[in-house]
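The values are calculated or read from the model by the stated rules, or taken from the named source; none is laboratory data. If you're wondering where the values come from, they're calculated on a predicted model, not measured in any experiment. Note that each Cβ is placed from the backbone with ideal geometry, even for glycine, and that neighbours are counted across all protein chains shown.
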Amino acid sequence: MPSRHAASKSPTDSLQPPALSRADRQAAARLSSLLLRQGGGRIRLTVRSETGESVELLPSLANVLETAAGMVAGGSGVAVLARNEELTSQQAADLLNVSRQYLVRLLERGDIASTKVGTHRRVRAEDLAIYRQRRDEGRNAALADMADQAQRSGGYDMAAKFGPRRRG
């Protein structure tokens, strides 16, 4: 029986995850719940095969598996990348959900560390994660600032008025 995942396939070959069925999400939710109940201790995962093999997961691997299972249970696709994995500019843009041209501008400005291989740019997955974290922190700070300004100006205390304004 052929393997579900080809050994030669890179995790970045296809960043578009397959569609998740209801059964996939339910199984992931059960796995996530099981791993959460372990509380960081060792867990024994039994692989159901002809040989009945089992493998003991260390807490760090169980945490990764629990996070991935939680995302799948929520209906999200998951891609696992090594920190030093090099991505093309298109793959990096897809992960950030931006256009490749916008990503190239970020690279040229130095917002994201990158290297060039000939004429092609490469971005390490770790550098992309660092940028994403900084970007998200900046967005969250700006949103909190806007909410504070609205609170101070009484924007949350005013009654909402809907419909066209009437002069009179």
* Failed item in (1) surrounded by fewer than 15 Cβ atoms within 10 Å (Cβ to Cβ); (2) free of Cβ contacts under 8 Å to residues at least 40 places away in the same chain; (3) of a type in the set (Asp, Glu); (4) not in a loop (DSSP other than H, G, I, E, B), with Asp111 passing the rest -> (4)
* **Odd one out for Leu65, checked against (1) surrounded by 15 or more Cβ atoms within 10 Å (Cβ to Cβ); (2) under 15 Å from the mean Cα position of the chain (by Cα); (3) outside the structural domain of Ala29 (by TED's automatic domain parsing); (4) of a type in the set (A, V, I, L, M, F, W, C)** => (3)
* To do: Among residues belonging to region 72-90 that are surrounded by fewer than 17 Cβ atoms within 10 Å (Cβ to Cβ) and within 11 Å of Ala29 (Cβ to Cβ), point out the one that is modelled with the lowest pLDDT.
  => Gly75
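Does Leu31 count as among the hydrophobic types (A, V, I, L, M, F, W, C), surrounded by 10 or more Cβ atoms within 10 Å (Cβ to Cβ), closer than 30 Å to Val123 by Cβ and modelled with pLDDT of 65 or more? If you could, list the steps in order and put the result at the bottom.
Working: among the hydrophobic types (A, V, I, L, M, F, W, C): yes; surrounded by 10 or more Cβ atoms within 10 Å (Cβ to Cβ): yes; closer than 30 Å to Val123 by Cβ: no; modelled with pLDDT of 65 or more: yes.
Here the answer is no, as Leu31 does not meet what is asked.
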* Structure fact -> Inside region 64-87, the number of residues satisfying the requirement of being free of Cβ contacts under 8 Å to residues at least 40 places away in the same chain and within 30 Å of Thr119 (Cβ to Cβ) is 1
